[in-house]
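K.L.:
Structure incoming, see below.
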Amino acid sequence: MPVRDLLYPSAEEEARCHKLKRLVQAPNSFFMDVKCPNCYHITTVFSHAQTVVVCAGCTDMLCQPTGGKAKLTEGCSFRKKAE
């Protein structure tokens, strides 16, 4: 059985750990910029959005809510917002 280093856990262990049981507590959610595939308009969306997000430029649907994280529609690209 390998020995785990509790003071310096690996990045994989930290990612698998519950958000409150990490060495430094951090949320799993984030804001992201989503680019519309039709009009290339960029919209800021919460990763765990609970409503349908529509593009302001062409009124196409960008993401749909699921039980947890929002599901992006086909063709949409995103990037995490800088903190």
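K.L.:
Residue by residue through the range 30-75, note down the ones that are of a type in the set (D, E, K, R) and within 22 Å of K19 (Cβ to Cβ).
P.N.:
Within the range 30-75, K69, K71 qualify.
K.L.:
Are there any pairs, at least 6 apart or on different chains, whose C-beta atoms fall under 7 Å, with the first in the range 23-49 and within 25 Å of Y8 (Cα to Cα) and the second among the aromatic types (F, W, Y), and if so, which?
P.N.:
Note: pairs meeting the criteria are S29/F46.
K.L.:
Still on this structure, please answer the following. Quick check, is Q50 modelled with pLDDT of 90 or more, open to solvent by 80 Å² or more (accessible area, probe 1.4 Å) and out of contact with any helix residue (DSSP H, G or I) (no Cβ under 7 Å at 6 or more places or on another chain)?
P.N.:
Yes, satisfied.
K.L.:
What about T43, is it within 17 Å of the chain's Cα centre (by Cα) and open to solvent by 90 Å² or more (accessible area, probe 1.4 Å)?
P.N.:
No.
K.L.:
I need a count of the residues in the range 21-36 that are modelled with pLDDT under 90 and either out of contact with any helix residue (DSSP H, G or I) (no Cβ under 8 Å at 6 or more places or on another chain) or of a type in the set (A, V, I, L, M) (or both).
P.N.:
7
K.L.:
Could you tell me which numbered condition S29 fails, if it satisfies all but one of (1) in contact with a Phe, Trp or Tyr (Cβ under 8 Å, 6 or more places away or on another chain); (2) open to solvent by 90 Å² or more (accessible area, probe 1.4 Å)?
P.N.:
Of the numbered conditions (1) in contact with a Phe, Trp or Tyr (Cβ under 8 Å, 6 or more places away or on another chain); (2) open to solvent by 90 Å² or more (accessible area, probe 1.4 Å), the odd one out for S29 is (2).
K.L.:
Which of (1) on the phi < 0 side of the Ramachandran plot; (2) touching a residue at least 24 places away in the same chain (Cβ under 8 Å); (3) open to solvent by less than 80 Å² (accessible area, probe 1.4 Å) is the odd one out, the single condition K80 does not satisfy?
P.N.:
(3)
K.L.:
Still on this model: Here is a check on your reading of the model: is K71 free of Cβ contacts under 8 Å to residues at least 60 places away in the same chain and open to solvent by 100 Å² or more (accessible area, probe 1.4 Å)?
P.N.:
yes
K.L.:
Of all residues in the range 6-22, count the ones that are open to solvent by 80 Å² or more (accessible area, probe 1.4 Å) and either in contact (Cβ under 8 Å) with a residue 24 or more places away in the chain or more than 21 Å from the chain's Cα centre (by Cα) (or both).
P.N.:
The qualifying residues number 3.
The values are calculated or read from the model by the stated rules, or taken from the named source; none is laboratory data. These figures come from a predicted structure and were not determined experimentally. Ideal geometry is used to build each Cβ from the backbone, glycine not excepted, and the neighbour counts take in all protein chains shown. These area figures cover heavy atoms from the full protein model, side chains too; ligands, DNA and RNA do not enter into them. Shrake-Rupley method; radii C 1.70, N 1.55, O 1.52, S 1.80 Å.
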